[in-house]
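As C-alpha cells, the structure follows; a few thoughts come after it.
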Amino acid sequence: MGDVSLMGLPGPGMPWDEVLSTLKLAEELGYSAVTTGEAWGADAFTTLAQVAMVTSKVRLGTSIVPVFGRTPANMAMAALSLDHMSKGRFFLGLGTSGKKVIEDLHGERFVKPVARMREYIDILRKAFGGDRLDHDGEFFQTSRFRLSIKPYRERLPIYLATLGASSLRMTGELADGWLPIFYAPGRVGPLVEDLRKGAEDAGRTLADIKRSPQVSIFVTRERGAVYEREREHIALYIGGMGVYYHQYMHRIGFGSEADRVREAYNSFSDRAAAAALVTDEMVEAMTIIGTPQECQDQIGRYFASGADEVRLVFSAASPEDYIQGLRAVAPG
C-alpha cells in the first residue's frame, strides 16, 4: 500500500482554528500529506505556512499553483521559505492552469504553457540548489542574482499536474512527482507510457516519479445524490475548462461520452443536460464512493494501478461529516 493524503481544506463553513485542529487530527490519524492549491481564492503558501506551525510530521504541498501567477524567483522564495518553516516537509506542485484563469484573472497571456513550464523549472532548480539565477530563454531572462535564503535540503521536490502527451513527457524528464486529476485505475496506460518515454530520454525511470492522483471521495450509503453531484463536476471540466480534460477523456477510453458532454455543454449551454450525459461508468472510474470498507477497497485499486500516493478530496455536508469521513478511512 502507498500513502493516503488530503487534498484541499476541511469545510464547508469550518472556522480557521477548527480547520487547523482538523489537520492536526489528520496527522494523528496517519495521513501522509496535506496539500492545497490556488484558483481564485486563498493563496496556498500562507495557508500551508500556518499548517506547518501546528503539525510536525505530515508533508505539505501545493497542488497546484499556476506558473503564470508568479515569477520563478517569487515562487522559489515562497517554496524555500516554506521548506524552512516545515523543516523539509514541503513539495512544490505546479501547473499551467488554463487560458480563462490566466488571462482574465492574472492578466497574463496564456502562450506556450509547456515551453514556459520548462524554463520555469530550470530557474527553480537553480534557486533550490543555491545557484545564480542565470537564464536566457524565450520567456525569462534572469541574471546575476542568487537568492540569499539558503536551501534547507539538497533537493526540494517539484511535482507537475499534467495530462497532455508533451507535458507528460516533460514530467517524466524533469519532475519528482506527477499530480493527475480524474485518474482512472486500469485506464491510464497511455499516460504512463508518456511519462516513461520522458524519463528514459533523461536517463531516468518511472521509479523516479511519484504518482499522486487527486481523487474525490464520498463516504456514504446515499449514492444517488453523490452520482448526480459528480456528474456535474466531471461535465464542468469536460465542457467548461478548456480542451485538456476533453482530450484526456479520449485517452482513457471515454471519448464518445466526452464528445456528447462537451457538445451539450457548449452548443446548448445546458449544463444539466451535459451532466446527465456523464455515465455511471465514468463516475465510478474516477471517484471513490461508498461505505468505509468499500472506500478502502477502492483506494486499494489506485495503488494496484501504480499510484504511490492517493490525495483524497473529501466532500461532506457539514464539518462533523467531514471529520467522520476522515476517521472512517484513516490509513492509521
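The values are calculated or read from the model by the stated rules, or taken from the named source; none is laboratory data. Owing to the predicted nature of the structure, the values given are computational and were not obtained by experimental measurement. No Cβ is skipped: glycine too gets one built from the backbone with ideal geometry, and neighbour counts run over all protein chains shown.
Assorted remarks:
- Considered as a group, the residues in the stretch 193-225 that are in a helix (DSSP H, G or I), surrounded by fewer than 21 Cβ atoms within 10 Å (Cβ to Cβ) and charged (D, E, K, R) include one that is modelled with the lowest pLDDT, and that residue is R223.
- Pairing residues of the stretch 171-200 that are at negative phi with residues that are among the polar types (S, T, N, Q) and surrounded by fewer than 19 Cβ atoms within 10 Å (Cβ to Cβ), at Cβ distances under 7 Å and at least 6 apart in sequence or on separate chains, gives P185/S305; V188/S305; A199/T205.
- So V261, is it in contact (Cβ under 8 Å) with a residue 24 or more places away in the chain, in a helix (DSSP H, G or I) and out of contact with any helix residue (DSSP H, G or I) (no Cβ under 7 Å at 6 or more places or on another chain): no
- Of all residues in the stretch 1-26, those satisfying the criterion of being of a type outside the set (F, W, Y) and under 11 Å from V51 (Cα atoms) are L9, D17, V19, L20, S21, T22, L23, K24.
- Against the list (1) surrounded by fewer than 17 Cβ atoms within 10 Å (Cβ to Cβ); (2) out of contact with any Asp or Glu (no Cβ under 8 Å at 6 or more places or on another chain); (3) more than 22 Å from S63 (Cα to Cα), the condition T279 fails is (2).
- H246 vs. criteria free of Cβ contacts under 8 Å to residues at least 24 places away in the same chain and crowded, with 18+ Cβ neighbours inside 10 Å: yes
- Matching entry among G240, G253, G300 (being on the phi > 0 side of the Ramachandran plot and either out of contact with any strand residue (DSSP E or B) (no Cβ under 6 Å at 6 or more places or on another chain) or surrounded by fewer than 16 Cβ atoms within 10 Å (Cβ to Cβ) (or both)): G253
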